[in-house]
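Written out below as structure tokens is the structure these notes cover.
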Amino acid sequence: MKRYNLTLITHNQNSEQKARRFAELICDELRTDIDFNISKYNKFPNSYKIEVKGEITDENNSIEKSIKLTAQICYPWLVEYKELENEVDLIFNQTEFSRYRNVKFNVLKWASFTIESDR
């Protein structure tokens, strides 16, 4: 089993309660425990930083699982292949080409998905 970290930066959210509902929607979509932290993100107005932790149970296919998991939220994601670890880091930046799997996810401005290193 591998642990992952998903960091989400929202925009157009004027209360922590809205950010909390968004985080709960994401956790529900990813079918992970509601395990997240929320903090105000001062780089953008009305923004929050949400950090979600979860697990990938199939270690042999963690790259594929990582891509499928993040695709449940939105796309496209930029991929950095880490050959030594046989893992990927994924980054999402909202652009005019961004697509969301659920209209309620469109408050997502930026995201990062990483697998925790065993080292």
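Of Val88, Val103, the sequence from fewest to most neighbouring Cβ atoms within 10 angstrom is Val103, Val88. For the chain, a simple Cβ point-charge model (Lys and Arg +1, Asp and Glu -1, everything else neutral) yields a dipole of about 660 debye relative to the Cα centre. Between 0 and 90 degrees, the angle of helix 62-71 with respect to the longest Cα principal axis of the chain falls at about 20 degrees. Residues Ile50, Ile67, ranked from the fewest to the most other C-beta atoms within 10 Å, line up as Ile67, Ile50.
Pairs with C-alpha atoms separated by more than 24 Å, drawn from the list Lys2/Lys109; Lys43/Lys68; Lys49/Lys104; Lys40/Lys65; Lys68/Lys104; Lys65/Lys109, are Lys2/Lys109; Lys43/Lys68; Lys40/Lys65.
Rounded to the nearest 10 degrees, the inclination of helix 16-30 to the longest alpha-carbon principal axis of the chain is 30 degrees. Think of segment 14-58 as a dipole: +1 on every Lys or Arg Cβ, -1 on every Asp or Glu Cβ, centred on the Cα centre; then among Thr57, Pro45, Leu30, Pro45 lies furthest on the positive end. Between Asn14, Gln94, Phe113, the Cα set farthest toward the positive side of the dipole of segment 2-115 (charges on each charged residue's Cβ, about the Cα centre) is that of Asn14. Segment 48-119 and segment 4-19 have Cα centres separated by 15 Å.
Among the listed values (1) 14, 46, 35, 5, 0; (2) 12, 36, 19, 12, 12, 8, 0; (3) 13, 48, 32, 7, 0, the one matching P(r) over Cα pairs in 10 Å bins from 0, in percent as calculated from this structure is (3).
Look at Thr70, Thr57 and count the other Cβ atoms within 10 Å of each Cβ; fewest to most, that gives Thr57, Thr70.
Only the coordinates and a few stated rules stand behind these numbers; no lab work does. Keep in mind it's a predicted model, so treat the numbers as computed, not measured. Neighbour counts run over all protein chains shown; Cβ positions are idealised from the backbone, glycine included.
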